[in-house]
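Notes follow once the structure below has been shown.
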Amino acid sequence: MKKWTLSICFLLLGLSLFAQTPRFKKEIDAFLSADSLQFPSKASLLFVGSSSFTYWKDIQDYFPGYPILNRGFGGSALPDLIRYADKIIFPYQPKQIIIYCGENDMADSANVTPRMVRKRFKTLHTMIRATLGNVPIVFISIKPSPSRWKLEDKFLKANQLIRRYLRRDAAATYLNIHNAMLLSDGSVNPELFIKDNLHMNAKGYAIWQKIIEPVLLK
């Protein structure tokens, strides 16, 4: 009887875990709903990744004349981009893909190393290449921030590893926004962030705009 009860408990636990809502499903469903009303042009420049894109609500104003499609969602990490690639990357067949992700991977778990971030990015990159061929990819380096300054060394190492990895891909660009957000003494500029000391204000995004625009496809 005890074994039977224990089996039932494990079964119920398994069903409960299975029924849990996946991370960011609400945000992804919102994107899919918008797509059902008006599907984005295949000439779009797809910005996909974590909250640094999510908070960039007026991104189109920074890049007038470019068909920007912003698919930044929540505090996403690379496994989330991998999980939802078939919903918010591949169907759009974009002209160019601009990625900002990897920061939350290390911030969410002390066990995630820079090499693990590189491995996760490699998985995403390989998926994109297998599905969309040589679509131009831009990886924006992991930014510094006052609230995550203790992770600075890990961020720098992950940036270095991804930059080296992308050297073998002629259709991919590594974009260094990290250094431009530092002061002359090597510390992060606090004036670029909103009150949470994590997400950027207009001054921060202005720096990104100057570095990103030259690599965007006309």
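Of these, Ser33, Ser51, Ser44, Ser76, which one is within 18 Å of Ile137 (Cα to Cα), at pLDDT 95 or above and not aliphatic (A, V, I, L, M)?
Numbers: Ser33 fails: within 18 Å of Ile137 (Cα to Cα); Ser51 fails: within 18 Å of Ile137 (Cα to Cα); Ser76 fails: within 18 Å of Ile137 (Cα to Cα).
Going through Ser33, Ser51, Ser44, Ser76 in turn, just one is within 18 Å of Ile137 (Cα to Cα), at pLDDT 95 or above and not aliphatic (A, V, I, L, M): Ser44.
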Q: Among the residues of segment 38-71, write down those that are among the hydroxyl-bearing types (Ser, Thr, Tyr) and within 25 Å of Phe193 (Cβ to Cβ).
A: Ser50, Ser51, Ser52, Thr54, Tyr55, Tyr62
Q.
Restricting to segment 139-153, and then to whatever is part of a loop (DSSP other than H, G, I, E, B) and touching a residue at least 40 places away in the same chain (Cβ under 8 Å), can you tell me which residue is surrounded by the most Cβ atoms within 10 Å (Cβ to Cβ)?
A. Ile142
**Q.** Members of segment 95-111 found to be of a type outside the set (Ser, Thr, Tyr) and under 16 Å from the mean Cα position of the chain (by Cα), listed by number
**A.** Gln96, Ile97, Ile98, Ile99, Cys101, Gly102, Glu103, Asn104, Asp105, Met106, Ala107, Asp108
Q. Given the structure, is Leu183 among the aliphatic types (A, V, I, L, M), more than 18 Å from the chain's Cα centre (by Cα) and surrounded by fewer than 13 Cβ atoms within 10 Å (Cβ to Cβ)?
A. yes
**Q.** Residues of segment 174-190 classified as in contact with a Ser or Thr (Cβ under 8 Å, 6 or more places away or on another chain) and part of a strand (DSSP E or B), total
**A.** 3
Q | Tally of residues being more than 17 Å from Tyr92 (Cβ to Cβ) and in contact with a Lys or Arg (Cβ under 7 Å, 6 or more places away or on another chain) across segment 28-79 | A | 3
**Q.** Residue check, Leu156 open to solvent by 20 Å² or more (accessible area, probe 1.4 Å) and among the aliphatic types (A, V, I, L, M)
**A.** yes
Q. Would you pick out the residues in segment 189-199 that are under 19 Å from Ile140 (Cβ atoms) and more than 21 Å from the chain's Cα centre (by Cα)?
A. Asn189
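Could you grab me the full set of residues in segment 124-138 that are open to solvent by 60 Å² or more (accessible area, probe 1.4 Å) and in contact with a helix residue (DSSP H, G or I) (Cβ under 8 Å, 6 or more places away or on another chain)? Outline the logic, then answer.
From segment 124-138, those open to solvent by 60 Å² or more (accessible area, probe 1.4 Å) are 126, 130-131, 134; that's our starting set.
Once the filter is applied, which keeps residues that are open to solvent by 60 Å² or more (accessible area, probe 1.4 Å) and in contact with a helix residue (DSSP H, G or I) (Cβ under 8 Å, 6 or more places away or on another chain), segment 124-138 yields only Thr131.
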**Q.** Extreme residue, modelled with the highest pLDDT, among residues of segment 202-218 that are in a loop (DSSP other than H, G, I, E, B) and open to solvent by 40 Å² or more (accessible area, probe 1.4 Å)
**A.** Leu217
Q) Here is a list of conditions, (1) out of contact with any Lys or Arg (no Cβ under 6 Å at 6 or more places or on another chain); (2) not in a loop (DSSP other than H, G, I, E, B), and Asp169 meets all of them except one; can you say which number that is? A) (2)
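The values are calculated or read from the model by the stated rules, or taken from the named source; none is laboratory data. Just so it is clear, the model here is predicted, and its values are computed rather than measured. Note: ideal-geometry Cβ built from the backbone for every residue, glycine included; neighbour counts use all protein chains shown. Side chains included, ligands, DNA and RNA excluded: accessible areas come from the protein's heavy atoms. Shrake-Rupley method; radii C 1.70, N 1.55, O 1.52, S 1.80 Å.
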